[in-house]
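Right, one structure below, let's go through it.
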Amino acid sequence: MIISLAEPHDVAKLLEFREEAAAWLRELGSDQWSRPYPADKLLATIETSTVFMLRDGHTTAGTITLTPDAEDGLWTDAELAEPSMFVNKLTVAREYAGQNLGGRLLDWAGDRAQRAGARWVRLDAWTTNDALQRYYLRQGFTHVRTVREGTAVNGGPRVSGWLAQRPARLADHGFEDRTPEPARLPSAA
């Protein structure tokens with residue numbers, strides 16, 4: 001499988017992934033990702049070169065967003081001073097479920113983050129999705145804290161405030177990586 005940067009034409013596939021994941025999550029009793037995601041915001045993220053696609057031949061098997069930018073209101077100033085990269089929107093196509101592609105994408109993210117000079121790979125997960133939280137713990141993440149409604153650093157509402165991190169580290173993820181070398185983080189230079 002090949003991992004590469006997402007391109008503007010991938011917006012439709014990414015929106016389809018989100019709808020597929022939301023339907024699956026609804027079956028599990030979660031309202032995660034139930035609100036439609038604006039295509040223009042997704043395109044803007046693609047244009048920052050932080051969205052990556054995992055392809056199996058002509059089929060897209062998964063996606064991950066890896067960015068040096070933290071979502072507002074989640075992490076403290078002291079935490080933000082540590083070189084980190086943040087995982088968002090990790091999604092694996094249901095037809096590829098059970099093959100540990102999510103775990104391997106997280107390993108890839110940790111590898112890329114380490115090469116950029118990050119100390120941590122961090123993420124936030126849906127506060128009510130206990131199964132997802134357990135998944136990240138099994139992937140080696142440590143729970144930092146849960147930011148709830150109205151308790152975000154900047155006072156904003158919070159539905160995705162379960163915070164976790166694990167050290168950035170080189171990893172044998174097994175993908176053919178066709179992404180450009182990551183830029184060094186300013187705090188790691």
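The values are calculated or read from the model by the stated rules, or taken from the named source; none is laboratory data. This one's a predicted model, so the numbers in the text were calculated from it and none came from an experiment. Using ideal geometry, Cβ is built from the backbone for each residue, glycine included, and neighbour counts are taken over all protein chains shown.
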Working only within region 131-172, note down all residues that are at pLDDT below 95 and small (Gly, Ala, Ser). ALA131, GLY150, ALA152, GLY155, GLY156, SER160, GLY161
Given (1) of a type in the set (D, E, K, R); (2) closer than 23 Å to LEU15 by Cβ; (3) part of a helix (DSSP H, G or I); (4) within 16 Å of the chain's Cα centre (by Cα), identify the lone condition not met by GLU95. (4)
Just to be sure, is VAL87 within 16 Å of the chain's Cα centre (by Cα), modelled with pLDDT of 95 or more and buried (at least 21 other Cβ atoms within 10 Å of the Cβ)? yes
Inside region 53-77, can you point out the residues that are in a loop (DSSP other than H, G, I, E, B) and surrounded by 15 or more Cβ atoms within 10 Å (Cβ to Cβ)? PRO68, ALA70, GLU71, GLY73, LEU74, TRP75
Picked from region 34-52 (must be polar (S, T, N, Q) and buried (at least 17 other Cβ atoms within 10 Å of the Cβ)), the residue modelled with the lowest pLDDT is THR45
With the structure loaded, tell me whether LEU105 is outside any helix (DSSP H, G or I) and aliphatic (A, V, I, L, M) or whether it fails that test. no
Identify, by number, the condition in (1) buried (at least 16 other Cβ atoms within 10 Å of the Cβ); (2) within 20 Å of ARG145 (Cβ to Cβ) that TYR96 doesn't meet. (2)
